[in-house]
Structure formats: structure tokens, C-alpha cells
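For reference, the structure is listed below as C-alpha cells.
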Amino acid sequence: MHRRHFILSAAALGAAQPLWAAATVKAGPKAALIVVDVQNCFVDGGTLPVKGGAEVVPVINKLAGGFENIVITQDWHTPGHASFASSHPGKKPFETTQLSYGTQVLWPDHCVQGSEDASLLKDLKLPKAQVIVRKGFHQHVDSYSAFQEADRKTGTGLGGYLKERGIKTVFVTGLATDFCVAWTAIDARKAGFETYVIEDATRAIDLNGSLAKAWKDMQAKGVKRIQSQDMAAA
Ligand code: VGL
Ligand code: ZN
């Protein structure tokens, strides 16, 4: 083999999956798995499909076996919600507008309360899940985060719930990496939880570089980025 070629391929291998880094992360009784917005709206056939969104389901179902505590979230908007482009004359989806709390990305109408579109994916199997947190139900305020709404003032109650349950560590999965997963993870850190995002249990929207920015922001706040194979087997 050509020497230069060999060095290149060895480096590529090392970057992909360092075999020596067999560190396993254990869930334990004080950890919770947070499954963010794995809803029909965010997969093919839904109103705001995330590329490959449904692929997180088998990964999450498998991870769930290793957790005693599981929280599910649902994006749960009123009809005519302020985050919908259709609520702002002249605006199109994926443009932005100013709301009382700052810049808001405008989305297609999605995840309307009680609709089939807002239902959890039927293949999601989380029999141990203990609570479902619904968010984004205030007409004039969006909520990517499962902890705090976009006004950065209104709490959802999730932080208090987890603390009262004695939870110290959270593992965030679901959709979408660069919006609801990232905001949830950053707010989990802010609330004092050790926080991991399990990357292969998420998929991203990636709007104007939002995915790279989300990882940068999460890493700056001390969120740890791992893969499902880094978790100790259940
Ligand atoms: C989400 C955009 C709008 C998400 C929710 O779940 O990441 N993204 N609403
Ligand atoms: Zn939404």
C-alpha cells in the first residue's frame, strides 16, 4: 500500500471511532431519559418533517430499557399559534419575525393540540415513561425548551419535577437536535443537571447553519455529546 494512503486511512479510522475510548456512561437510578418531540409532525408525512426523523425511534426504544426514569415531551401548539408563519400576514415558513421576547423563526403550522399530527410516533415504545410535558401551548409564546418557554421566564415545571424526583443527570434525545433538543439540553444545564445529548438518537432541521451553532452553544454550556453505543448496556 502506498505509504501516504495508509496514513490517511488510519487517521480517518481513528477519527470515526477511536477503539481505545471504550468509556461507558451508566444511566443509574438518578438519571432520566428525556425524549423530545418524537411526533408525527416531525417525520415524513408530517407538517414539519425532519430528515430521517423516524430513525430515532429504534435507537430511543433500545436506550429506554436502561432507564428507570423517562420523560416524554410534545410540541403542543394552539391553532393559529404565534410561531406559525400563517399567523403573520406576508410571512413565509422559515422566515423570522420579532415577537415580544425577540426573534422568532416562523414555521409551517405544526403539532396542533389534539391532532394526529401532534401524536407521538406509534412505534415509540416507552412503557416506563412517567410524565409527558407539553409545551408551546401559550398562544403568543413558543417553547423549544422542555424547561422554559421562549420568553425565558415562564417555566414548564419540568425542572421542579425532576428535582423532586431526585434526578441529577439527564440524557436528551429526539427531535430536532438544533431546536427543541438543544434548548432543552442547555436549559437542563442551567437548572443544574448533568446533561448529555445522545447524538444518534436525534435528527436535525439544520436551517442556515443552526445545527453547527447548536452544538457550539451546547458545548459552551457544558452539555456532553455522546453516541448511544457509549451507554452501558441495560
Ligand atoms: C421544533 C421547530 C418548531 C422542535 C418545534 O421540536 O425542534 N422545531 N417547533
Ligand atoms: Zn413548534
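The values are calculated or read from the model by the stated rules, or taken from the named source; none is laboratory data. Since we're looking at a predicted model, the values are computed, not measured. Because the Cβ atoms are built from the backbone with ideal geometry, glycine has one as well, and the counts that use them run over all protein chains shown.
Name the residue, out of 109, 117, that is within 15 Å of ligand 1 (Cβ to nearest atom), part of a loop (DSSP other than H, G, I, E, B), among the charged types (D, E, K, R) and in contact (Cβ under 8 Å) with a residue 60 or more places away in the chain. Let's see the steps before the verdict.
Numbers: 117 fails: part of a loop (DSSP other than H, G, I, E, B).
Result: 109 is the single residue among 109, 117 that is within 15 Å of ligand 1 (Cβ to nearest atom), part of a loop (DSSP other than H, G, I, E, B), among the charged types (D, E, K, R) and in contact (Cβ under 8 Å) with a residue 60 or more places away in the chain.
I need the full set of residues from segment 182-229 which are among the aliphatic types (A, V, I, L, M), over 16 Å from residue 33 (Cβ atoms) and in contact (Cβ under 8 Å) with a residue 12 or more places away in the chain, in order please. It would help to see each step written out before you state the result.
Of segment 182-229, the ones among the aliphatic types (A, V, I, L, M) are 182, 185-186, 188, 191, 197-198, 201, 204-205, 207, 211-212, 214, 218, 220, 223, 226.
In the following step, the residues that additionally are over 16 Å from residue 33 (Cβ atoms) were identified as 182, 186, 191, 204-205, 207, 211-212, 214, 218, 220.
Of everything in segment 182-229, those that are among the aliphatic types (A, V, I, L, M), over 16 Å from residue 33 (Cβ atoms) and in contact (Cβ under 8 Å) with a residue 12 or more places away in the chain turn out to be 182, 186, 191, 204, 205, 207, 211, 214, 218.
Can you find, within segment 134-159, the residue that is nearest to residue 99 (Cα to Cα) among those that are assigned to a loop (DSSP other than H, G, I, E, B) and of a type in the set (A, V, I, L, M)?
The extreme case among them is 141.
To keep it simple, each residue is scored yes or no on (1) surrounded by 13 or more Cβ atoms within 10 Å (Cβ to Cβ); (2) of a type in the set (Ser, Thr, Tyr); (3) part of a helix (DSSP H, G or I).
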{"site": "81", "(1), (2), (3)": "yes, no, no"}
{"site": "93", "(1), (2), (3)": "yes, no, no"}
{"site": "127", "(1), (2), (3)": "no, no, no"}
{"site": "174", "(1), (2), (3)": "yes, no, no"}
{"site": "181", "(1), (2), (3)": "yes, no, yes"}
{"site": "192", "(1), (2), (3)": "no, no, no"}
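One residue is enough: does segment 62-75 have a residue meeting the conditions in a loop (DSSP other than H, G, I, E, B), within 20 Å of residue 188 (Cβ to Cβ), of a type in the set (A, V, I, L, M) and at pLDDT 95 or above?
Checked against the condition, which is being in a loop (DSSP other than H, G, I, E, B), within 20 Å of residue 188 (Cβ to Cβ), of a type in the set (A, V, I, L, M) and at pLDDT 95 or above, segment 62-75 yields no hits at all.
Among the listed residues 128, 168, 135, which satisfies the condition of being touching a residue at least 60 places away in the same chain (Cβ under 8 Å), of a type in the set (Lys, Arg) and within 15 Å of ligand 1 (Cβ to nearest atom)?
It is 135.
For the condition closer than 30 Å to residue 229 by Cβ and within 11 Å of ligand 1 (Cβ to nearest atom), what is the one hit in 74, 104?
74
Mind counting the residues in segment 211-234 that are in a loop (DSSP other than H, G, I, E, B), over 15 Å from the mean Cα position of the chain (by Cα) and closer than 13 Å to residue 196 by Cα?
The qualifying residues number 2.
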